[in-house]
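Asker: I am attaching a structure below and will ask some questions about it afterwards.
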Amino acid sequence: PNPGAMVIVVGADPGSLGSHQEQNERFYTWMFHFPCFEPHTPQECKDFTKLAFKLSEKYDTVIEIRTSTRSAHSRGYVKLAPLKKGLKKGKFIRNIPKFNSLPPHAINNHIRLYERIEAIRKIIPNLHVNKIYPGENSIGIITSGMSFGYSIEALRQLGIIDVPILKLGMIYPLNYEEIINFIKKLKKVIIIEELEPFLEVKIAEIAQKFKIDIEILGQEYFPKYNEFSTGLVANRLAKIFNLKSNNNKIDTAIEIFDSYKDMIPSRFPTFCAGCPERASLYAILKSTNNLENTIVCGDIGCFVMSFFPPQQCSDLIICMSGGLSAAIGMAEKTDQKVIALIGDSTFLHTGMAPLTEAANYDSNVLLFVFENNWTAMTGHQPVIGLSEKQLSIEKICNAVGISWIKIEDSYDPQHLIKTINEGLDTKGFKVIIVKRECALQAHRLREKKRKELSQQGKKIQETSYYIGGCQLCFECARIFSCPALRKVKINDLEEMQIDQERCIQCGVCYEVCPNGAIHKSIIHLFEEEVPFREL
Ligand code: SF4
Ligand code: SF4
């Protein structure tokens, strides 16, 4: 008996809009022999998920639901069925061959993988997840997920209405009969899919296996990188269908989609106004004379953005805790100064292994632990252990034998610069724990407190920062670069201003300006002050 189901939802990201790379995970489904659904609409996301759980339980297999950036971010009405109450607890059923998949069971389990995938391949038509949109054209299209949406819109805009389309809801495995029946009537089939050709390879394999004489068009027309758009698909379909470039319909289709580019000004991703991590990076840049003879090993977290201009304060990003691991090697094999960065969530998740290694070898690395109390980049989840159990990163560092540990506040950049200098001048493994709450959360909590006090009729201090007598040195813009600071032109004269709507009054720019041109104003000086929460 199979005690449960396992469904993995993957957010594929062609175009790398929300993740670090364009990994094409569809090949894992082939490699690990697990079926994969690719929904296109919110309704399909729900329906396929339900189906995936049923199949997973019945066939004792892992099932993937593959969304992509666009489908994962789309919204729509979803028809629900009555919700069944699930069991709160199950019972582990001993199954040594299954859960101890080592020889001799490993080989039998490998055989079971083939048996399962072939059994599922046969029943795909009964699932009704693949759909045919009929047409008389001798050129057809096979596609799935968001590429189906781009294809439909592109065809409509090009005025091509007779192309048969096979929209796959399950992209692995493929049912042989379904594919053969669709392609055998065609002269050519266009495979429209983002990233490396996965469906194209599988369909070419079926055509060859069943000796079907058909031209398969895919990767020579469509890019194997970046996400598609209706404009791009329209452009490539126009070439395949030999539509002349002076065709009005093509121009309109492409122009509509190109026009969005002009409406949205491009800019680099950046830290929020008042972000403590930006202040720490500023201190690193200042203390190393803009990273002279210094390597900064970055890591995953909001500070992954540190490599963007203007700060450009990260030389490499690998994976969670990869920064410290790389730094240990860098310190061993170079005579440069080595700095590693890590966030508090990553530190507690996977950081302790390289921490112990660095402590063991006394690697000549200066490690920054950004303790901001939140897993900020993924939506402000509490840091497991830190927020609730009050784990002390300092005590953990101490326990693995690190003696040079400093606790710093990034809102005091001048003090932090001195400590970094001291750390870089000291041999061995050093840790600076920068404690300052994520600016978004700190600001929210402070505003809430202010509101509560106001509602109780209490007067509170109001602090604001403004610029006067600016020397246009641009230290605040180029090296520090808070997005609440902006350059404006008044009567043809450039000057820096603070955007009061965005400013959260962290006061770091006031500390940073070398010309004393950023001023602090306090109204109701003797009334109650509401500072940011101390960690
Ligand atoms: S506000 Fe200060 S740091 Fe910014 S440009 Fe003016 S003088 Fe330079
Ligand atoms: S006080 Fe200065 S650094 Fe802080 S948020 Fe406002 S403008 Fe940015």
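The values are calculated or read from the model by the stated rules, or taken from the named source; none is laboratory data. All figures in this text were calculated on a predicted structure; none of them were measured in a lab. Note that we place each Cβ from the backbone using ideal geometry, even for glycine, and neighbour counts take in every protein chain shown. Side chains are part of the model used for accessible areas, which takes the heavy atoms of the whole protein and leaves out ligands, DNA and RNA. Shrake-Rupley method; radii C 1.70, N 1.55, O 1.52, S 1.80 Å.
Asker: Using heavy-atom solvent-accessible surface (probe 1.4 Å) with all chains present, what is the largest-first order of D362, D412?
Answerer: Working: D362 90, D412 65 Å².
Largest accessible area first, the list is D362, D412.
Asker: Below 13 Å, Cα to Cα, which aspartates and glutamates can K427 reach? Residues fewer than 8 away in the same chain don't count.
Answerer: Hits, sequence-local ones excluded: E332, D335, D362.
Asker: Over segment 276-441, with the other protein chains present, what is the accessible area per residue in square angstrom, probe 1.4 angstrom?
Answerer: 42
Asker: With bins 20 Å wide starting at 0, give me the P(r) of the chain over every alpha carbon pair, in whole percents.
Answerer: With 20 Å bins starting at 0, P(r) equals 17, 38, 35, 9, 0.
Asker: Within segment 182-233, report the GluC sites (Glu not before Pro) that DSSP leaves as loop and that have at most 12 other Cβ atoms within 10 Å. Don't jump to the answer; show the numbers that get you there.
Answerer: On the way: sites: E193, E194, E200, E205, E215, E220, E227; in loops: E193, E194, E220, E227.
Of the GluC sites (Glu not before Pro), the ones in loops of segment 182-233 whose Cβ has at most 12 other Cβ atoms within 10 Å are E220.
Asker: Ignoring ligands, DNA and RNA, what accessible area per residue does segment 131-263 give at 1.4 Å, in Å²?
Answerer: Here the per-residue accessible area is 49 Å².
Asker: Mean shadow of segment 131-263, computed from the convex hull of its alpha carbons, in nm²?
Answerer: The number I arrive at for segment 131-263 is 7.9 nm².
Asker: Please work out how much length the chain gains when fully extended from K187 to E452, using 0.36 nm per residue of separation minus the C-alpha to C-alpha distance, in nm with one decimal.
Answerer: Residue separation times 0.36 nm, minus the Cα-Cα distance, leaves 88.2 nm.
Asker: If you take the beta carbon distance between A81 and H110 as r and set R0 to 25 Å, what does 1/(1 + (r/R0)^6) give as a FRET efficiency, to the nearest 0.05?
Answerer: Values: r = 37 Å, r/R0 = 1.47.
It comes to 0.10.
Asker: Let me ask something else. From the cross-link list K122/K184; K58/K85; K459/K487; K46/K202, which pairs have alpha carbons spaced over 24 Å apart?
Answerer: K459/K487; K46/K202
Asker: Carbon-plus-sulfur fraction of the accessible area of the chain, 1.4 Å probe, in percent?
Answerer: 53
Asker: Ok, one more. Just tell me which aspartates and glutamates come within less than 14 Å, Cα to Cα, of K98; anything on the same chain fewer than 8 places away is out.
Answerer: Correct list for K98: D60.
Asker: Which shape class, rounded, prolate or oblate, goes with segment 357-481 when its Cα gyration tensor gives a ≥ b ≥ c as root eigenvalues, a/c under 1.5 marks rounded, and past that a/b bigger than b/c marks prolate?
Answerer: oblate
Asker: Another question about this same structure. Full extension from L102 to Q43: what is 0.36 nm times the residue separation minus their Cα-Cα distance, to one decimal in nm? Write out the running numbers ahead of the final one.
Answerer: Values: separation 59, 0.36 × 59 = 21.24 nm, distance 4.03 nm.
Contour length minus the Cα-Cα distance gives 17.2 nm.
Asker: Note down the nm distance, to one decimal, between modelled labels 7 Å out along Cα→Cβ at L472 and at D362.
Answerer: 5.3
Asker: Turning to a different aspect of this structure: Share of antiparallel DSSP beta bridges in the chain, in percent to the nearest 5?
Answerer: 30
Asker: Using Cα atoms only, what is the angle between the long axis of helix 199-209 and the major principal axis of the chain, expressed in degrees (0 to 90) to the nearest 10?
Answerer: Value to nearest ten degrees: 20.
Asker: Run the numbers for N226 and I264: contour at 0.36 nm per residue of separation, minus the present Cα-Cα distance, in nm.
Answerer: Roughly 11.8 nm would be gained on extension.
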